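In what follows, a structure is listed as structure tokens, so that the remarks can point back to it.
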Amino acid sequence: PDWASYTLGVFICLSCSGIHRNIPQVSKVKSVRLDAWDEAQVEFLASHGNDAARARFESKVPSFYYRPTPSDCQLLREQWIRAKYERQEFIYPEKQEPYSAGYREGFLWKRGRDNGQFLSRKFVLTEREGALKYFNRNDAKEPKAVMKIEHLNATFQPAKIGHPHGLQVTYLKDNSTRNIFIYHEDGKLVPKLSRNYLKEGYMEKTGPKQTEGFRKRWFTMDDRRLMYFKDPLDAFARGEVFIGSKESGYTVLHGFPPSTQGHHWPHGITIVTPDRKFLFACETESDQREWVAAFQKAVDRPMLPQEYAVEAHFKHKP
């Protein structure tokens, strides 16, 4: 890290230094190499440091609170920095009430399934019911959709949605994955719902008989569920593949079975499941490596008891 906050006594990376500059009342930032440092500032940094700051400012982080990584979008990192240093929520648990109370309601902008227009919709997150609900009208008594939290994921997608606070929510509806795309104007979204996708991007796929041509599709790897779409913003997946563990008979292989034809992209991947083989083609070798690594991560991890239940009712779709 080439930057440091001389009021907090911590070293920070370049991308987070910009966020710290936005809260000058809390954090004042200098370049370690380019700026002049007086003796008092150097001594303050030497007597504090990242370990001491972590022990203080992260002493009471809720177990469910998502800790961003350097590769996460700016919104996640900014909310973490502001919660940690500006609002000091992880020192004083009483400041965590808005997201630890088990209930939250508010308005989010939701993309229409058919017309692509974003409209304001009321959302309710309730831990007691274990659900996220949204309503098409403010005075509606019945929700348009009820999404069970156990089958729900939310991931930040600013580039895909075209808004810095864009969020893609996936949930199971009639054993199929449904997508909704939402954003909040000031980015105050609920970290309780979020986990990162293992991998997203385009691949080609063929059908179960492996006799038809390969078609280009957008794929999303969410934990053990590989979903594919005709368009990245489609509301419904065209199909899904459950990827279990190697103990349950799942393997991932580089390349295609012999005599495979019809693919335009040269770099093949074969996923073997107890029921059938799935064939995918990647455009580049680096894409192939990244997808294989994502699949292998799922295959190498032993399945949890609840994942066997998901596997049992999961529909493999051609």
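Can you tell me how many residues in segment 43-68 are in contact with a helix residue (DSSP H, G or I) (Cβ under 9 Å, 6 or more places away or on another chain) and either over 12 Å from residue 8 (Cα atoms) or not assigned by the TED database to the domain that holds residue 24 (or both)?
9
Within segment 162-195, which residues are at pLDDT 80 or above, under 22 Å from residue 238 (Cβ atoms) and open to solvent by 40 Å² or more (accessible area, probe 1.4 Å)?
If the condition is that a residue be at pLDDT 80 or above, under 22 Å from residue 238 (Cβ atoms) and open to solvent by 40 Å² or more (accessible area, probe 1.4 Å), then 173 is the only one that fits.
Given (1) among the aliphatic types (A, V, I, L, M); (2) more than 22 Å from residue 64 (Cβ to Cβ); (3) modelled with pLDDT of 85 or more; (4) surrounded by fewer than 17 Cβ atoms within 10 Å (Cβ to Cβ), where does residue 159 come up short, assuming only one miss?
(3)
Out of everything in segment 265-298 that is at pLDDT 90 or above and charged (D, E, K, R), what residue ends up being surrounded by the most Cβ atoms within 10 Å (Cβ to Cβ)?
That would be 287.
Within segment 47-59, does at least one residue satisfy the condition of being open to solvent by 30 Å² or more (accessible area, probe 1.4 Å) and under 18 Å from the mean Cα position of the chain (by Cα)?
No, because not a single residue in segment 47-59 is open to solvent by 30 Å² or more (accessible area, probe 1.4 Å) and under 18 Å from the mean Cα position of the chain (by Cα).
Could you please give the count of residues in segment 27-71 that are assigned to a loop (DSSP other than H, G, I, E, B) and among the acidic types (Asp, Glu)? Outline the logic, then answer.
Applying the first criterion (assigned to a loop (DSSP other than H, G, I, E, B)) to segment 27-71 yields 27-28, 32-38, 48-49, 58-71.
With among the acidic types (Asp, Glu) added as a condition, the list becomes 35, 38, 58.
Total meeting the criteria: 3.
Among the residues of segment 26-36, are any outside the structural domain of residue 128 (by the TED database), farther than 30 Å from residue 169 by Cα, under 25 Å from the mean Cα position of the chain (by Cα) and surrounded by fewer than 17 Cβ atoms within 10 Å (Cβ to Cβ)?
Of the residues in segment 26-36, the ones outside the structural domain of residue 128 (by the TED database) are 26-36.
Still in the running and farther than 30 Å from residue 169 by Cα: 26-36.
Filter once more, keeping what is under 25 Å from the mean Cα position of the chain (by Cα): none.
No, segment 26-36 contains no residue that is outside the structural domain of residue 128 (by the TED database), farther than 30 Å from residue 169 by Cα, under 25 Å from the mean Cα position of the chain (by Cα) and surrounded by fewer than 17 Cβ atoms within 10 Å (Cβ to Cβ).
Can you work out which of the residues in segment 205-227 that are open to solvent by less than 10 Å² (accessible area, probe 1.4 Å) and within 20 Å of residue 159 (Cα to Cα) is modelled with the highest pLDDT?
So the first thing to find is which residues in segment 205-227 are open to solvent by less than 10 Å² (accessible area, probe 1.4 Å), and the list is 206-207, 219-222, 224, 226-227.
If we keep only those that are within 20 Å of residue 159 (Cα to Cα) too, we end up with 219-222, 227.
On the way: 219: 95, 220: 92, 221: 91, 222: 85, 227: 90.
So the residue we want is 219.
Among the residues of segment 244-264, are any open to solvent by 30 Å² or more (accessible area, probe 1.4 Å) and under 20 Å from the mean Cα position of the chain (by Cα)?
The answer is no; no qualifying residue exists.
Restricting attention to segment 30-62, and to residues there that are basic (Lys, Arg) and in contact (Cβ under 8 Å) with a residue 24 or more places away in the chain, which single residue is nearest to residue 95 (Cα to Cα)?
Residues of segment 30-62 basic (Lys, Arg): 30, 33, 54, 56, 60.
Add one more test, that the residue is in contact (Cβ under 8 Å) with a residue 24 or more places away in the chain, and what stays is 30, 33, 56, 60.
Values: 30: 29, 33: 37, 56: 15, 60: 11 Å.
So, considering only residues that are basic (Lys, Arg) and in contact (Cβ under 8 Å) with a residue 24 or more places away in the chain, the one nearest to residue 95 (Cα to Cα) is 60.
The values are calculated or read from the model by the stated rules, or taken from the named source; none is laboratory data. Since the structure is predicted, the reported quantities are computational estimates derived from the model, not experimental observations. Counting neighbours? That spans all protein chains shown, and the Cβs are built from the backbone with ideal geometry, glycine included. Accessible surface areas use protein heavy atoms only, side chains included; no ligands, DNA or RNA. Shrake-Rupley method; radii C 1.70, N 1.55, O 1.52, S 1.80 Å.
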